[in-house]
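Okay, so here's the structure we're looking at.
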Amino acid sequence: MDDHESNREPDAPIRLEVNRRTVIETGTTALLLAALPRTAVAADSVKNNKLPPPPVSVEFQINGRSHSLTVDPRTTLLDALREHLALTGSKKGCDHGQCGACTVLIEGRRINSCLTLAVMHDGQSVTTIEGLGQSENLHPLQTSFVVHDGFQCGYCTSGQICSAIGMLAESRSGMPSYVTEDLTKPAAELTDAEIRERMSGNICRCAAYPNIVAAIKQAAGMLT
Amino acid sequence: MKAFTYQRAKSTAQAAAAAVKPGTKIIAGGTNLLDLMKLQVETPSDLVDINRLPLDKIEETPDGGLRIGTLVRNSDLAADPRVRQRYGVLSRALLAGASAQLRNKATTGGNLLQRTRCYYFYDITKPCNKRNPGSGCAAIAGFNRIHAILGTSEQCIATHPSDMAVAMQALDAKVETVNGEDETKVIPIAEFYRLPGNTPEIETSLKPGEIITAVTLPPPPPGVQVYRKVRDRASYAFALVSVAAIVDSTRGQIRSARLAFGGLAHRPWRVAQAEQRLVNAAADTTTFNAAADSVLEGARGFGGNDFKMPLTRRTLHSVLAEMART
């Protein structure tokens, strides 16, 4: 951090010279990355009269590859994936665990990557949409979403697909859901109602729900 | 998020000792804490991560109950065969809460300690006695459709958002804790939550540095168990009113009943007199009305949430009628 920033008044507005041209020339992400974290840290350290907390190291397996990162402890898993590892398939929708666009699999279980810190997952395995298939070799769920037109804008789709993979694994292991009639029976058949309830953590604002359900239902048959 | 230091706890006692310091927060699932930290409703200076501690087991207790480690994930607890067989109301309540992704992360102890979803608590530009003691309550004269009708104070009308805790209240669960001196304590869940009174910022009877290690369930009482949740959407929404009910009845005659309500108060709501009115009573409208009268004694609406009074009565009627038939 340079002196100019640390001497800035904590409440002084942060001036960002952004116009259409600079956005086009530098790209929004690069510009915001360069400007925001340093000023945010500077404001904190001024206010608390102390230096920012030391960065933390984290090492995890992402889509089968080992990655080591040194990050600010505030970095969410989602931001680590998107901003540090350029894995932008996991999407930032609400950033508060309400929409499911950021769904990834940790050790095979689906979670919201926006509501967990990267450092909490040291030593664990993470699967994102990038780890499921490639354009010439799609995962059966990806194929099924294409066949059934399970999206419109596509922003929620990677979260929907990662969530569906976790959901099918939960269902196969006999986990019940809120709509499961009899809790004492080991497994419930994946009816439309079961799929809808189990996928309720993934919002689709284009409302492609009927096609998402159809896509998951078909893929479930193929994957069992 | 405000800056914080991060450390991974090596033992429960070490975590508890660290948590004595003001500004230190324990993080487990983190699904509520990180949400609040992003909004700067919570601004801890230090985070202690307890996720690697061996507190994630569900064990049988000698008396025939269950001991649930504080780190048992909500999804694992809901799916546990023993919980599904013997504590169906708990399994149902867990499955009624949040989404599958959140349940995979959220823990037993964290669920108990989650904060209210009052809009004004979440909005740091608004007064809130719970977030900023002495600043006032914006909900009392504001949009209060989701707020409490029982046990409120002039300082706070927030509700407790947990479904799990409502079921645990009906099951007479006990909360086990440890502090920095390694002293353990058992708190009956009936004494765990506080009403807002003049200190809505103090929500439980936990002392600074006291950490939840487990929740124990006594053997299940006789009867049918039901969790009914009434909400704005069919899934993934907080309760307007919820009922955890355990009713022992035969041929239209109730022998005994336990009732705990969510969405009505600052804590899961249980009224001994309402349950007494159901003992050895005919399962009919008169009995259900008498029980509902007891539950709603002292209820007060704030405009937007007046509907919760008839809704509570009707939900209780529906649940009791259904249970007495089975």
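Read the figures in this text as sums done on the coordinates, not as results from a lab. On a predicted model such as this, the values are computed, not experimentally measured, just so you know. Backbone-built Cβ (ideal geometry, glycine too); neighbour counts: all protein chains shown.
Tabulated data for the structure shown
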{"item": "For segment A:93-224, the Rg and Dmax computed from alpha carbons only, in angstrom", "result": "14.5, 43"}
{"item": "Alpha-carbon radius of gyration plus Dmax, which is the widest Cα pair, for segment B:107-216 in Å", "result": "14.8, 45"}
{"item": "Pair A:SER125, B:SER45: separation of 7 Å Cα→Cβ label points (nm)", "result": "4.1 nm"}
{"item": "A:SER68/B:ASN198 FRET efficiency (R0 60 Å; Cβ-Cβ; nearest 0.05)", "result": "0.75"}
{"item": "Segment B:133-189: C-alpha pair distances exceeding 19 Å, %", "result": "54 percent"}
{"item": "For segment B:287-303 versus segment A:160-218, the gap between their alpha-carbon centres in whole angstrom", "result": "38 Å"}
{"item": "Relative contact order, percent, segment A:129-224 [alpha-carbon distance under 8 Å, six or more residues apart]", "result": "40 percent"}
{"item": "The protein assembly as shown: calculated mean residue ellipticity at 222 nm from DSSP helix runs of at least 4, using -39500 (n - 2.57)", "result": "-8500 deg cm²/dmol"}
{"item": "Two-decimal Rg to Rh for segment A:61-162 - Kirkwood Rh, Cα set", "result": "0.96"}
{"item": "Computed E for B:ASN132/B:ASP284 - FRET, C-beta separation, R0 56 angstrom, nearest 0.05", "result": "0.70"}
{"item": "Ranked B:SER11, B:SER235, A:SER68, B:SER45, criterion: other C-beta atoms within 10 Å, fewest first", "result": "A:SER68, B:SER11, B:SER45, B:SER235"}
{"item": "Rg and Dmax [Cα atoms of segment A:102-160; Å; Rg one decimal, Dmax integer]", "result": "13.0, 38"}
{"item": "Binned Cα-Cα distances of chain B, short to long, each 20 Å bin given as a whole percent", "result": "32, 58, 9, 0"}
{"item": "Descending semi-axes in Å of segment B:130-279, equivalent ellipsoid built from Cα gyration tensor", "result": "27, 23, 13"}
{"item": "For residues of B:3-11, the mean tally of beta carbons on other chains within 10 Å", "result": "5"}
{"item": "Among B:VAL41, B:CYS137, B:PRO81 - extreme Cα towards positive end, dipole of segment B:1-147, charges at beta-carbon", "result": "B:CYS137"}
{"item": "Max mean-square fluctuation residue, GNM over chain B, Cα-Cα springs under 10 Å, options B:GLY223, B:GLY262, B:GLY110", "result": "B:GLY223"}
{"item": "Candidate lysines - alpha carbon under 19 Å from B:LYS229, same-chain residues fewer than 8 apart omitted", "result": "B:LYS308"}
{"item": "Those lysines that a straight Cα-Cα span of less than 25 Å connects to B:LYS38, excepting residues fewer than 8 apart in one chain", "result": "A:LYS47, A:LYS50, A:LYS91, A:LYS92, B:LYS2, B:LYS21, B:LYS25, B:LYS105, B:LYS126, B:LYS130"}
{"item": "Low-density loop positions, chymotrypsin sites (Phe, Trp or Tyr not before Pro), segment B:267-326 - DSSP coil, at most 16 other Cβ in 10 Å", "result": "B:PHE307"}
{"item": "Cα-based equivalent ellipsoid of the protein assembly as shown: semi-axis lengths in Å, sorted from largest, via gyration tensor", "result": "39, 30, 23"}
{"item": "Computed P(r) (all Cα pairs; segment B:219-309; 5 Å bins; percent)", "result": "3, 13, 20, 25, 18, 13, 7, 1, 0"}
